[in-house]
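Just so it is clear, none of the values below were taken in a lab; they were calculated from the coordinates. Just so it is clear, the structure is predicted and the values come from calculations on it, not from any experiment.
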């Protein structure tokens, strides 16, 4: 058993807000290590499009769940929660603090809270939804989700067909929103969890997102996406940063439009991330520059 004085410090927030740099500074202060809670940075083949920490950042503090898997593997939040919790417990044997850093809300929730059991539904429902998606495209999934479960649709990743299909099959099969199965119970831990949310004024954040996208493109994002074309249907690639480029490769629009969509959809994604994390009242919000305030909050948390 880990003593209750141990603290898991969660550093979360929207894309491009500065989570990596802040988490590294916190980890250095407490002489500890970082668990990455990013559903795509675990894959060694996805580097540019996932804004993975660079070599200098990875050398500054030990990181876990970066480049730990290959894109040929499927991976989900439940698996991450199990594997990450084991690493965290091991790190607590020598550290009083461990940092969990990332923007994948489902991964963070799975680790911190766990999930209620979601009832099994008729597999023919999923098959039917997949067939409709293949025939009519993601717009049909979006329309159905907004019609059947408008509240959950507001916070769902609308560009991720895997999550749209999963949410729809539960709603159709049970009559209940998938969100209702994630709120009834919380996993109990023998350590404290301190949740730090990072935010910036919207115009500043959006400017950082656009600048980051320009740098990604310059660094070879389109070439990285081209190499991932054989894995286009992988869940990790059904996301902002790759789907827009796949559309360009398939002739749906030109490169200029692909870049416009990359920036627009990244801004929309950041907004959804903020909506997700701000539903959790346990988060205390700071700007990335407020390191002293963040450290004070961590130290005074009981």
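A Gaussian network model of the chain, with springs between Cα atoms under 10 Å, assigns the largest mean-square fluctuation among 174, 20, 239 to 174. Each principal axis of the chain carries a Cα extent, and these read 54, 46, 35 Å when sorted largest first. Among 290, 235, 142, the largest mean-square fluctuation in a Gaussian network model of the chain, built with springs joining Cα atoms closer than 10 Å, belongs to 290.
Report the semi-axes of the equivalent ellipsoid for region 1-133 in whole Å, largest first, where each axis is √(5λ) for an eigenvalue λ of the Cα gyration tensor.
Numbers: eigenvalues 170, 76, 31 Å².
The three semi-axes for region 1-133 are 29, 19, 12 Å.
How big is D, in µm² s⁻¹, for region 123-182 by Stokes-Einstein at 37 °C and 0.692 mPa s if Rh is the Kirkwood radius over C-alpha pairs? D = 292 µm²/s. Rounded to the nearest 10 degrees, the inclination of helix 77-91 to the longest alpha-carbon principal axis of the chain is 20 degrees.
When the Gaussian network model of the chain links Cα atoms closer than 10 Å, the mean-square fluctuations of 147, 40, 208 top out at 147.
The angle between the Cα long axis of helix 202-219 and the main principal axis of the chain comes to about 70°, on a 0 to 90 degree scale. Between the C-alpha center of region 248-282 and that of region 34-56 there is a gap of 18 Å. Based on every Cα atom in region 210-302, Rg and the maximum pairwise Cα distance Dmax equal 17.8, 55 Å. The radius of gyration of the Cα set in region 144-302, together with its Dmax, comes out at 18.9, 55 angstrom. The per residue volume of the convex hull around the alpha-carbon atoms of region 234-276 is 59 Å³. Computed from Cα positions, the angle between helix 255-278 and the longest principal axis of the chain comes to roughly 50 degrees.
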